[in-house]
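Structure record follows, encoded as structure tokens.
The values are calculated or read from the model by the stated rules, or taken from the named source; none is laboratory data. Quantities reported herein were computed from a predicted structural model and do not represent experimental measurements. Counting neighbours? That spans all protein chains shown, and the Cβs are built from the backbone with ideal geometry, glycine included. Please note that ligands, DNA and RNA were not included when accessible areas were found on the heavy atoms of the full protein model with its side chains. Shrake-Rupley method; radii C 1.70, N 1.55, O 1.52, S 1.80 Å.
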Amino acid sequence: MTETRQHLEALRDAMRRVNVDAVIIPGTDPHQSEYISDHWKFRDWLTGFTGSNGTAVVTLDQAALWTDSRYFLQAGMQLEGSGFEMVREGIPGEPSVHEWLQANLEDESLIAIDGRLFSVVEASRLEQFCGENGFMLATEFYAIDKIWADRPARPSAPAFVHDEQLAGETVDSKVERVLEAVEAAEADSIFITSLDEIAWLYNLRGGDVDFTPVAIAFAYVSEKERSIFIDKNKVTDEVARHFKQYDIFVRDYDDVTRYLERKSEHEVVMLDPNRVSDTLANALPCQKVYSASPIVAIKGIKNEAQIEGTRRAMERDGVALVRLFKWLEENVAGGNINEVDVWTRGQQERARGENYRGDSFAMICGYKEHGAIVHYQADDESASTLRPEGLLLIDSGGQYLDGTTDITRTITLGNPTAQEKHDFTLVLKGHLALQRAKFPAGICGVNLDLLARQPLWNEGMNFMHGTGHGVGHFLSCHEGPHGIRMQQNPTQLEPGMVVSNEPGLYKTGEYGIRTENLLLVVEAESSEQWGTFYKFEPLTLFPYDLQLIDRSMLSAEEVAQINDYHAMVRERLTPMLSAEEAQWLAGKTQAL
């Protein structure tokens, strides 16, 4: 905390030198990434808060950090003594960033940002806010480059080619589809900053950030040119051949601004205003068409090769989970396992499987009250030792060359209480209701969200995170454009989309419960009168904890659904297990 306060004062000294009254610091990078390299973790360095969502605001005498409900408990602990107060984002009565600035700044105050870290949309909103409230805005406050003396270097992991057979489509085909959308928007070209979009478009992967296999780069595509801006030491011989095969010209990562500044004023470039930084957008002297990137929608619908690959990856992932949970069950009574040990063991078991390339996110392993911290991250200091009692929530996933996995299971380590079983079954009922949904074409995720929440709502309880997010293919575990949540998202669910199903319940100081499967949208049936209907195919293969199910709370339909799912899990995984492992799985999937 002493170090954090020193960082805060260093920032304030930099502010005073240029007469800045307030600085806004987001927790992102020039690519608007979910996971960012250490090189861009300025907010973390400044505040001590490490959650994926959080915005810091610093004035000359106050400092605050905004984060959402997933991180309230974590932020409360990490910000203690840091000089930053926590503001609970989205909670009635709590001020927004803009409201806080209004209350704490005088007229004609100068607000500064690093425009490299703000999207066009974010910067435009801030500019409008400043204009309406008598503030001034500076977008070139690059304190990160001056006061962070021991700043980590930009990552240098080599890029690699994602096999075309696994990707299911050539670079030429992808570029053609993207340029069709660019032309339809009456643009000549597209400039791309999102790392997962570039990775998908060029069938390229890397190791520059945790949990998502991407290489830090920018891309530009037109009918005449395909370019990638990347540190050239990342370009292996294999990648160079790949780029040559598909006429992709390699430019240096640091040349991107100069390149954009030299574009013809007659060119029309498509930019995604939610993804391209304000700094890079302003570098373009030509006409700009601001539109959502067509790549998001295209890659959100998986092709047959990706779907089959994901199914295979799920089988190997299920085998790893059988081995992990079997080991846990057999060793918990010894009192020698803590939450970090579970993550380590999970990585070891997944690594035994073919095509494994690491975790798709940091495992959330929350024992008892830690399970109530939605995005809890155990470390050597906080990790609880597991005992043969209480609930354990494990949310984990793997990155495989042929698919990305994400699963949450809550289990009892012994002697579950009636209340624990009741709460677990409530969550399970919502999970099952969404999983068996059948719905007409044209339905959005928001239309289905109620199914997962209704059992909890009936008892006056709720969870504040989304019910489901899209999942990439050997890419981002969290991707758009679709999702299932209470907030409106106009993206319709279509066959080929993968989405999570993860209702939960969190009782502060007691336990957390979440049950998650990944689902594939598939066609159910069609008729001339009623049109086309869709349904979900469960992709995840691992049993629910039978010891936590209150059978009296389930309908006959729900019992049959669980039994059918467990039979599928047993059938798919047993051929890949040893006799002892298969016997363990048989016991966990016996019919209710």
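The slack in the chain from E164 to A591, taken as 0.36 nm per residue of separation less the alpha-carbon distance, amounts to 149.6 nm.
Using Cα positions and a limit of under 27 Å, work out the lysines in reach of K263, with same-chain residues fewer than 8 apart set aside. K263 reaches K174, K224, K232, K234, K244, K288.
Hey, how many Å between the Cα centroid of the stretch 29-77 and the Cα centroid of the stretch 204-230? Taking the Cα centre of the stretch 204-230 as reference, the centre of the stretch 29-77 is 26 Å away. The mean accessible area for residues of the stretch 213-297, using a 1.4 Å probe and ignoring ligands and nucleic acids, is 47 Å² per residue.
A dipole drawn for the stretch 385-515 from +1 and -1 charges on Cβ atoms has a positive end, and of V446, G483, M461 the residue lying farthest that way is M461. The rule of thumb for compact globular proteins, 2.2 N^0.38 Å, goes into the C-alpha radius of gyration of the stretch 1-143 0.98 times. Expressed as a whole percent, the accessible surface of the stretch 506-592 that belongs to carbon and sulfur atoms is 49, based on a 1.4 Å probe. Only the Cβ atoms of Lys and Arg (+1) and of Asp and Glu (-1) were treated as charged; on that basis the dipole of the chain about its Cα centre amounts to roughly 920 debye. Each peptide in 566-578, 196-208, 212-224, 336-348 gets a packing score, the mean of other Cβ atoms within 10 Å over its residues, and the list from highest to lowest is 196-208, 212-224, 336-348, 566-578. Net charge dipole, the stretch 256-384: roughly 560 debye, given to the nearest 20, about the Cα centre with Cβ charges of +1 for Lys and Arg and -1 for Asp and Glu. Within the accessible area of the stretch 332-378, the carbon and sulfur atoms contribute 42%, probe 1.4 Å, all protein chains present. The residues of the stretch 503-592 present an accessible area of 46 Å² per residue when probed at 1.4 Å with all protein chains retained. Peptides 446-454, 140-148 ranked from most to least packed give 446-454, 140-148, packing being the mean of other C-beta atoms within 10 angstrom over each peptide's residues. With the helix formula -39500 (n - 2.57) applied to DSSP H stretches of n ≥ 4, the chain reaches a computed 222 nm mean residue ellipticity of -10500 deg cm²/dmol.
Taken about its Cα centre, the stretch 1-94 carries a charge dipole of roughly 120 debye when the Cβ of each Lys and Arg holds +1 and the Cβ of each Asp and Glu holds -1.
In the context of the full set of protein chains, the stretch 384-445 has a per residue accessible area of 25 Å² (1.4 Å probe).
Would you be so kind as to identify which of F118, A187, G54 lies farthest towards the positive end of the dipole of the chain, taking Lys and Arg as +1 and Asp and Glu as -1 on Cβ and the Cα centre as origin? Of the candidates, G54 comes out farthest on the positive side.
Highest-first packing order for the peptide set 11-17, 377-383, 90-96 is 11-17, 377-383, 90-96, based on the mean count of other beta carbon atoms within 10 Å. Within the straight-line cut-off of under 30 Å between alpha carbons, the lysines reachable from K326 are K368, K421, K429, K507, K588, sequence neighbours fewer than 8 places apart in one chain being disregarded.
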